[in-house]
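A.B. asks: Got a structure for you, questions after.
Laboratory data are not the source of any read-out in this text; all were calculated from the coordinates shown. Here the structure is a predicted model, which is why all the values come from computation and not from measurement. Note that we place each Cβ from the backbone using ideal geometry, even for glycine, and neighbour counts take in every protein chain shown.
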Amino acid sequence: MEYQSGQVVYSKSGHDKGDTLMVLFVEGAYVYLADGKRRKIEKPKRKKMIHVQPTGYVDTVLADKLAEGAYVLDADIAKAIKKYKKLAET
C-alpha cells in the first residue's frame, strides 16, 4: 500500500503500539508520524512502513496543507484523528 501525507495509520509495534497517528510525509522506506498530542509536528516519529497499518482515510484538507508546506497546527492533526475515530465507530 502506498502511504501519503494526511493519511491516518495505526502503529503495529513499539511503545506506541495501537496508537492512531497521521502521516506527515514519506521518505524512502520510512513514514514520519504525529498525533498532535504526545507526538508533535516539531518532532515527528520516524517508523518503517512495515510497522504501521494503513487505513483508507486521508484528511484531504491536511494533505493539501502538508503538500503545499503550509502551516499546520498540532490541534489540526488531533482534530482530524478524532474525526476519523468518530467515523470508524459508526
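A.B. asks: Filter the stretch 65-90 down to the residues that are surrounded by 15 or more Cβ atoms within 10 Å (Cβ to Cβ), closer than 13 Å to V9 by Cα and in contact (Cβ under 8 Å) with a residue 60 or more places away in the chain, then identify the one that is farthest from the chain's Cα centre (by Cα).
C.D. replies: Y84
A.B. asks: Which of (1) at positive phi; (2) touching a residue at least 60 places away in the same chain (Cβ under 8 Å); (3) of a type outside the set (V, I, T) is the odd one out, the single condition G18 does not satisfy?
C.D. replies: (2)
A.B. asks: Now for a separate question. Taking the stretch 41-54, which residues are surrounded by 14 or more Cβ atoms within 10 Å (Cβ to Cβ) and either in contact (Cβ under 8 Å) with a residue 24 or more places away in the chain or under 11 Å from I77 (Cα atoms) (or both)?
C.D. replies: Within the stretch 41-54, I41, K45, K47, M49, H51, V52, P54 meet the criteria.
A.B. asks: So how many residues does the stretch 29-60 have that are within 20 Å of E2 (Cβ to Cβ) and in contact with a helix residue (DSSP H, G or I) (Cβ under 9 Å, 6 or more places away or on another chain)?
C.D. replies: Total meeting the criteria: 7.
A.B. asks: Right, next: Please find, within the stretch 13-29, the residue that is farthest from the chain's Cα centre (by Cα) out of those that are surrounded by 15 or more Cβ atoms within 10 Å (Cβ to Cβ) and more than 14 Å from K82 (Cβ to Cβ).
C.D. replies: The extreme case among them is D16.
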